[in-house]
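**Student:** Dropping the structure in here first, questions after.
The values are calculated or read from the model by the stated rules, or taken from the named source; none is laboratory data. Since the structure is predicted, the reported quantities are computational estimates derived from the model, not experimental observations. Note: ideal-geometry Cβ built from the backbone for every residue, glycine included; neighbour counts use all protein chains shown.
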Amino acid sequence: MHRGKIFVVDDLEDFRQLLEDVLSEQGYEVLSFERAADALAALQAQAPDLLITDIRLGNENGLGLVRSSQGQRGDPAATGHHLHRGHPGPGGG
């Protein structure tokens with residue numbers, strides 16, 4: 001039995017796969033998408049419990065996806081992230 005359904009939207013395949021693997025191991029059903037348009041189409045068919053999206057999705061905008069998801073089936077909770085390459089994370093590096 002799944003703990004809940006999560007949509008992951010990120011244009012970086014490695015990051016999408018990492019989130020999918022970690023969340024799946026924790027018992028969540030995870031669907032991942034490279035494009036906001038694909039995630040939005042899926043939102044119209046099924047309601048996730050949580051939407052995790054990159055803020056910058058190539059030519060698309062993750063914040064626009066969050067706005068569009070509001071009022072969709074189930075109105076999922078949403079969170080956005082932005083990874084900046086070349087900028088050290090916590091602890092320096």
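**Student:** Take the range 17-35 and flag every residue that is in contact (Cβ under 8 Å) with a residue 12 or more places away in the chain, surrounded by 13 or more Cβ atoms within 10 Å (Cβ to Cβ) and under 16 Å from Pro48 (Cα atoms).
**Tutor:** Selection gives Leu19, Glu20, Leu23, Tyr28, Glu29, Val30, Leu31, Ser32, Phe33.
**Student:** Report the residue count in the range 35-75 for those that are under 12 Å from Val9 (Cα atoms), at pLDDT 85 or above and out of contact with any helix residue (DSSP H, G or I) (no Cβ under 7 Å at 6 or more places or on another chain).
**Tutor:** Total satisfying the criteria: 5.
**Student:** Please work out if Asp14 is at pLDDT 85 or above, exposed (fewer than 11 other Cβ atoms within 10 Å of the Cβ) and not aliphatic (A, V, I, L, M).
**Tutor:** Yes: the conditions hold for Asp14.
**Student:** While we're on this one: Can you say whether Asp54 is surrounded by fewer than 20 Cβ atoms within 10 Å (Cβ to Cβ) and out of contact with any Pro (no Cβ under 7 Å at 6 or more places or on another chain), as far as the supplied structure shows?
**Tutor:** So Asp54 fails the test.
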